[in-house]
Structure formats: C-alpha cells, structure tokens
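Asks: I have a structure I would like to understand better, so I am pasting it below and will then ask my questions one at a time.
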Amino acid sequence: MQVGRNSWQCNRKMLLLLALAALAGCLGLPRLLVVAEHSASPVFFMMRGPIAPPAELALVTLSLRAAEALGQPRTYFSRRLHAQLINQLTQAQAHLIVFDIAFKEPRNEDEDASLEMAIKNSNRVVLFDYLKRYQIENAQGRVDVEEIIPPLARFKQVALGSGSFVLPKTNALVGHIHPVLELHGVPHLSQPLQVLSLYAVEPWQHFLQKLKQEIHQPELDGSNTIWQHINQLSAQQKKAVLDGCVDAICQSLWRSFTGTEGIFINFYGPPGHLPQWPLDQVLAMPAQEQAAIFANKIVYVGLVEPQQTEQQDAYRTVFSNANGLDLSGVEISASVLGNLLHNQALTYLNYTQQSALLALWILALGLISQQLSQRLAWAVGVIWHLAYVMAAYWAFVQHYFCLPLISPLALSVVFVGLDTRLRLRANKLRYQNLITDLTHYMPAQAAKALSDHITNFAANNQLVSGVCLLTDIQGYTRLAEELPPSELHQLMNRYYAELIDEVKASGGIVANIVGDALLALWLDTHISADACIRASRTACAIQKRLAAQADLHRLPTSCAVHGGEFSLGHLGASGHFEYSPVGDMVNTVSRMEPFNRHLGTRILCSELVAEVLINSACEFSLRDLGAFNLRNKKTCVRFYQLYEPGINPAQNGLESLFKQALERYACAPAEALPLFQALTAQFPQDGPSRYYLQQSKLAQADCNN
C-alpha cells in the first residue's frame, strides 16, 4: 500500500538520521560542547547552593577597612604586621600559614628582617610565587613571555616552600586551575598542591613511596620532578599507583599530576562564605581566642575586599553575587586546597565517555520516537529528561560528578525538531496518498472533504447540477460466459482504463462503476453548454478510442447523456458507504441507455441536453428520435441521436425523411408504416427507422384486430 510504503521510507530516514547523529556525537560533538558542559555547572551550583567549607581552613583577610583600622596606606601593609601575624598564628598552633601575597621586592630593612625572622622561627609558612606575563620583540614579532618571580631569596630560604596560583584575567567564569604549571618545559607545583604536600605528610609520603616502587628509583630529585616521572609511566604502572591510592588525599594527588585539563573547582559558596577574619581583628584577639580559632588550621592570608568598587584581586565564579561582588584569589586558592584535602574536585566525562553517552542518548530518543505514539513519546520523554536531570543533580551533590546537561538537552531539542519535521512530512505524505487513493473512488474535491472530515462524511452530501454520461457494453453477459473470470477481469480493467482516461481528460469525474456500466459527471452551477459539450465529446471519443483498440473491439459500448439536478455524496449505512449521485437525473439516464439496443444507436441524449447543444452551435449533429415512455416514470423523455463529429444525417436526406415519418407516426402510427418502409429500403442500416417500422406494424396489426 502506498501509505505503508511511504511510512517505511520515513522510518528508514529516521534511522539514517539517528545513525548520522550518533556518528557526529562520537566524532566531534563533545569537543564542540565541552566548554558549554563545563559552564553548565552553574545550574547544579544554583540548585545545590552553598555547602559547609572544610574545617581545616581559615582565612585572615586584608581589605581597605582593615588598612584604615591599622593606620596603613590604601594598598600597603607593613611587613612588620605580617611578621606579627605569623608570630601570633604560630603561638596559636596554626598548622600552616599560607600567604597569597607576593613578597617579590625589598622594602625597609627593619621590616624585611622582622618578616624573615618570623618566617624562620615559625617554620610553617608557605609563600607565593608571582607569575609575570609580558611581551617582547624578536625576529618573529611580538612574543608572549611568562616568568615566575619567586619571593625574595631571604624569605624563600626560610619558608617551607612557595608556589604560584594562576587564574585567568578574563571575563569568563573561573572554573578550573592547573595544579602543575609547565613553564618553558619545567613543571611547577601550584601553591595549593605545595600546601597539600606539607599538610598531609603521611598521604604524601605514601604517594611518593608507590611512585618510587613503580619507577624503581629510591630517591626523587624533587617534588617538581614527580610530574615528569608520572608521565613516563606505562598504563599498567599508572594503574598500580592508582590502586595504591586508597584515601582521598592520595586520589587528589593522582588527579593533580595526571589530569590534562586541570582540576575543576567545587566552590563552597559565595564571597565571604569561607571562615575568615580581618587582619586588624586577628591582631587584636587574645591569645586564647586565636588558639581556639586557628589551632591546627591551614590559615590563608590574602586580599579579600568586601566592597565591589574596591575589588582588585577578584574573579567571576558561579557564586559571584548579583551586586557584582566576586571571589578573591585567596578564597579560590583555599577552595582548591579544600577540594584536594577531601577529593571534592568536580569530575567531568572525558571525550570518549561523553561521545558514548550522546550516542546512546540519540539512539534512545530514536527508539522512543519510533516505538511509541507521538503523545506517549512526549510523556515518556519528559519523564525521562526529568529523571536524568535529577540523577545528574544527585551525582553532582553526592559524588561531585558532572554529567553532561547542556549537550543532551540541546540534542533533544534538535532531535524533537527533526522528529516533528519528519512526522509532519510523513503525515503530509499519508494525507496526500489518502487523497490520491480516494480519488480512485470519488472526485478529488470530495476526497479532500472526506479526508478533512472523516468522522462526519455521511452528512457531507451536496445538491449540485450538471450533466451525466452512462456507458454500457452491449453483449456483456454473453462475453462473461465465454471468457474465464481472470481474463475477463483483465479485459475490463483495460476497457475502463480507456474510458476513465477520456472522462478525466475532459474534466469529468467517475461517479460509479458497476459491472460493465460507468457513470461519469460534469458538475456545474447549471446545465451549461460547456458541461454538455464535454460530456458529448467524451461519448464520441469513447466510441473512437474503443474502435482503435484491437482487444476492445468486442466490447461495443453505448452511451446516454442527460442533465439535471442531483444530490452528490456518500450513500450507504452500517459502516459501508459509496460515493454516488442520487436523483431523478440518474434514474432517467439509466433508463435511457437501454434504448440504444432497441434503436440501434450508440449515443443517445435527452432533449434537455440536445437543446443546449443546438443553441451552442457546436460541432455535433443531432436527430430527433421522438418521445419515449420510460419505466416507472410519469413523463415521457424525448431522445436525440448524437452523431460523432464529421457525420451529418442531413446530407443524404435521412434526417428530413425521418422527421416527416416521425411526425406522421406521432399522429397515426399505422399510417406511418409506408414511410418507414421506404426509409428502411433506402437506409437499411438505420436503426431508428427499423425500430419505428416495427412499431408501425404493431400499430397496424392492432387496428386490423
């Protein structure tokens, strides 16, 4: 069936679309959407909100308000104050003191000496390496140069260590950092990673021990060489090291040294969310209060400006306030350290994993679309997407795992659009095929009306006017007895193909086919000359066309043409209907056509049609055959014989002689006998003359009796 075939074609197109989409997802789509996926984490952060920060962290903040309280210049804090802070935090038993301040230039000797002594005596201070970026001119043009500027040597020598913390100076959201910075081929550990190695000594040593076992090197040259050694390990060796890293800190160390994309930061909250105290308040605290707050803590010291207009070291993050307040660099660095301490850094799917997920996602969408109805597919799709979002949120909150959010939903939108487009196309094809198929059984206009109002088609009858043509095969009963059914069926299909072509070529519609009879209609607002001429030309063309077909010569066909008003629509009941005209016009033409056999004619038309043809001065010749009583009709119908173009009965005198004889017959049938005898003698092949000759003989016999 045509509809089924087109439906399968649409399904095949859908499967092809799914395959191409899956291939696109596997080959390149994740690379296009990976940035969008990383930026989708704000959705999860917004849903989750702030969480409790790690208990090991504390911040001492420098700000404009603290500078004013301590009588310091706007952007200057005396190094004596830093030395005093180190001494007090050391007495308070702080585990580590981490400065997010670059001590890269010398100042007053007394200040520098006091700071150097405090760092040395504390033996728990980690300093900051400043990364300087600038451009130089060379033979290739302007070249970007990055240079790490460590703290002053006097400070670096007495500190536990130092490290940089590089954040992008762009308007984009800060979301990840590289814990190991490779600069000019030399790796440098970031400050959070340095602090982690100093704070978590046992996990750090365990991690180094596992690495030494795999590289068969009892001693490592330094912490910065770890990155190089790990990159030289085989996959099996890396697995052995990873299997030995069972605690959270070891796993964080492994991710830090092996992650090619860096660490994705799991922020704990908005600016000011991490526990922090201004420098002036800390310096003024009693020793007992300081110990209660900072004992065994990792204390970060850095710039945190709570006033938006005064912010300098600030970066946009997922928790940037609506009023424009951003997280400071020291808050971000402390957050990264907290992620490393508890292995809370975010994890994203790699390209291969995301490709596989997107491919499965598209295929699942295709299966839902193909196996379910559109309404049910929408319902299942909505539930499925909601469940996925909730599962992704659960994975983010419980396991810090970020499933793709934007790419699957974006693919769903694209897929739904394409699926809807294909469904509309399939429905359009079904609609067009339905109308095409219906036009085999009814007019195109009726087929369209039926397809638009299929549930109420029985009431869609209409009162119309026009001309109808009824054809019938003379001798069909005898032919049906002679031929096998299959051969007769094939012959009749050939026969009707010729007739239907002629009807449609003249703008008519086939209203009905019953056995060997075909009923055609030419609709108009009235019995117009155009409709009459079209029907008459079709009747003549049928005669000529059948005569030209070698296999159809044994199907002599007679026609009757009549016009009038009739009802056109669906006829039937109990689930079975046929599209058919109903009215006196149909009854009349069905009773007219059999007279062709009595009169020996091929085409008869009613007086109503004949008058229109005569008045239109068309190419047809007509002969009045008189009035006839039709079965079960009260009024007589006058018949006219319609001749094919080129045949004129007036040329040989037949028409005038027949007219005289017919007029005599109308007055006295018996007296017309000699006239019709003369006509049949002169025109022995004229069927109407022979018919009236027999009628005159019967009338004379009645008179004699």
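The values are calculated or read from the model by the stated rules, or taken from the named source; none is laboratory data. These figures come from a predicted structure and were not determined experimentally. Virtual Cβ from ideal backbone geometry, glycine too; neighbours counted across all protein chains shown. Note: areas computed on protein heavy atoms with side chains; ligands, DNA, RNA excluded. Shrake-Rupley method; radii C 1.70, N 1.55, O 1.52, S 1.80 Å.
Asks: Pairs Lys212/Lys297; Lys132/Lys210; Lys156/Lys210; Lys104/Lys212; Lys210/Lys297; Lys634/Lys659: which exceed 32 Å Cα-Cα?
Replies: Numbers: Lys212/Lys297 30 Å; Lys132/Lys210 35 Å; Lys156/Lys210 29 Å; Lys104/Lys212 35 Å; Lys210/Lys297 28 Å; Lys634/Lys659 25 Å.
Long pairs (Cα-Cα over 32 Å): Lys132/Lys210; Lys104/Lys212.
Asks: How large is the accessible surface per residue of region 62-119, computed with a 1.4 Å probe and reported in Å² as a whole number?
Replies: On the way: 2610 Å² over 58 residues.
Accessible surface, normalised per residue, equals 45 Å².
Asks: I would also like to ask the following. Of the heavy-atom accessible surface of region 495-643 (probe 1.4 angstrom), what whole percent is carbon and sulfur?
Replies: Its accessible area is 51 percent carbon and sulfur atoms.
Asks: Next question, about the same structure. Have a look at Ala610, Asn632, Leu599 and report the one farthest towards the positive end of the charge dipole of region 598-641, computed about the Cα centre with Cβ charges (Lys/Arg +1, Asp/Glu -1).
Replies: Checked the options; the winner is Asn632.
Asks: Any idea of the accessible area per residue across region 471-617, 1.4 Å probe, to the nearest Å²? Display every interim value, and only then the final one.
Replies: Working: 6620 Å² over 147 residues.
Computed with neighbouring chains in place, this is 45 Å² per residue.
Asks: Of the accessible area of region 285-361, with the probe set at 1.4 angstrom, what percent is carbon plus sulfur? Numbers along the way, then the final one.
Replies: Numbers: 1510 of 3000 Å².
On region 285-361, the fraction of accessible area on carbon and sulfur atoms equals 50 percent.
Asks: Let me ask something additional. Given the protein chains as shown and a 1.4 Å probe, how many square angstrom of Phe401 are accessible, to the nearest 10?
Replies: Per-residue accessible area (Phe401): approximately 60 Å².
Asks: Further question: For Lys544, go through the aspartates and glutamates and keep the ones whose alpha-carbon is under 19 Å away, minus same-chain ones fewer than eight residues off.
Replies: Asp472, Glu498, Asp501, Glu502, Asp516, Glu593, Glu619, Glu644
Asks: Scan around Leu327 for amide H atoms under 5 Å from its own, H built in the peptide plane at 1.01 Å from N, and keep only partners 5 or more places away or cross-chain.
Replies: Distant-sequence amide H within range of Leu327: Tyr315, Thr317.
Asks: Accessible area per residue for region 310-423 in Å², computed with a 1.4 Å probe and the full protein assembly in place, what is it? Show your work: numbers first, answer last.
Replies: On the way: 5250 Å² over 114 residues.
Roughly 46 Å² per residue, with all protein chains present.
Asks: How would region 264-340 be classified by its alpha-carbon gyration tensor: rounded, prolate or oblate, with rounded meaning a/c under 1.5 and the a/b versus b/c comparison settling the rest?
Replies: Working: a/c = 2.62, a/b = 1.47, b/c = 1.78.
Oblate.
Asks: Moving on. Taking H placed 1.01 Å from N in the peptide plane, check which residues at least 5 places from Val98 or on another chain put their amide H under 5 Å from its amide H.
Replies: Counting only residues 5 or more places away or on other chains, the set is Val126, Val299, Tyr300, Val301.
Asks: For region 349-357, in order, what is each residue's ³J(HN,Hα) by Karplus, 6.51 cos²θ - 1.76 cosθ + 1.60 with θ = phi - 60°, in whole Hz (x at glycine and Pro)?
Replies: With the stated coefficients, region 349-357 comes to 5, 6, 4, 5, 5, 5, 4, 4, 5 Hz.
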